[in-house]
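Data first, discussion second: the structure below is written as structure tokens.
Bear in mind that the values in this text are calculations on the coordinates, not laboratory data. Computed from a predicted model, the values in this text were never measured in an experiment. Glycine also receives a Cβ, built like all others from the backbone with ideal geometry; neighbour counts cover every protein chain displayed.
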């Protein structure tokens, strides 16, 4: 094999390994105080997002908050230098997606009204 071809193959292999590492590694990084998706019960009768059909794979933080006793999701820590947020799923993504599904359900303070089994909640991300 010619040295130019060998170097090109080696460079391509390094790029593939690097991209795979960027996909897997950020989920293990975490700094600072954790964020939680928190649900607060409400009797507000405004428009709400029906979350009875959401998938655990698409909304892991929301579903973990719905099944927990204290209505809090699993913790999420941001990564150093903002790198993690570009490569992983965050609770901020979920609140934004809910607001995008039904824009009228978003309140002026950034919370989103959701409804499941005739119960209503405000969903928001809180840092501890």
Problem - Structure-based [θ]222 nm, the chain - -39500 (n - 2.57) summed over DSSP H runs of at least 4, per residue, nearest 500 - result: -10500 deg cm²/dmol
Practice task
For the chain, find the longest principal axis of its Cα atoms and tell me its angle to the long axis of helix 91-101, 0 to 90°, nearest 10.
Solution key: 60
Problem - Stokes-Einstein D (µm²/s) once Rh is taken as the Kirkwood radius of the chain over alpha-carbon pairs, at 25 °C in 0.890 mPa s - result: 147
Handout entry: Burial order of peptide ranges 96-105, 35-44 (average beta-carbon count within 10 Å, highest first)
Key = 35-44, 96-105
Fill in the blank from the handout: The extension gain from residue 50 to residue 92, computed as 0.36 nm times the residue separation minus the Cα-Cα distance, is 13.3 nm
